[in-house]
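Asker: What follows is a single structure, and I will ask about it in a moment.
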Amino acid sequence: MNNKSRWVMIAVSVTFIFIGAFLILRAPYFGSRAVDLFFVDKGGWSSSRSEEYNIFFEYVVNAYMLCGSLSMIGGFFCLFVTAKSISKQ
């Protein structure tokens, strides 16, 4: 692995780690915005906070958390592979 591709791999892995951390930290905000948009189109239930709203909110937040976790795992895996290839040289 040459020097340029090494830096590209490090940049990609750090980008995935930061995207994952951002998604995990902002999941409640993104989840509430997505659920509000969905329920406003369905008749404006966002103000009542019904049981269906809460369940849907949990699913959306869990989806954001899962995407963030997978992104961070991918970033750390990419960083690990890069470090292994650097140590072999």
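Asker: Step by step: first the residues of segment 1-48, then only those that are surrounded by fewer than 12 Cβ atoms within 10 Å (Cβ to Cβ) and of a type in the set (D, E, K, R), then the one that is modelled with the highest pLDDT. Which residue is that?
Answerer: LYS4
Asker: Going through segment 1-17 one residue at a time, which ones are free of Cβ contacts under 8 Å to residues at least 60 places away in the same chain and under 12 Å from LEU79 (Cβ atoms)?
Answerer: Selection gives ALA11 alone.
Asker: I need a count of the residues in segment 64-85 that are among the aliphatic types (A, V, I, L, M) and either within 14 Å of ALA21 (Cα to Cα) or at pLDDT below 85 (or both).
Answerer: Number of matching residues: 5.
Asker: Counting just the residues of segment 69-83 that are over 19 Å from ARG26 (Cα atoms) and surrounded by fewer than 16 Cβ atoms within 10 Å (Cβ to Cβ), which one comes out farthest from the chain's Cα centre (by Cα)?
Answerer: ALA83
The values are calculated or read from the model by the stated rules, or taken from the named source; none is laboratory data. Computed from a predicted structure; not experimentally measured. Counting neighbours? That spans all protein chains shown, and the Cβs are built from the backbone with ideal geometry, glycine included.
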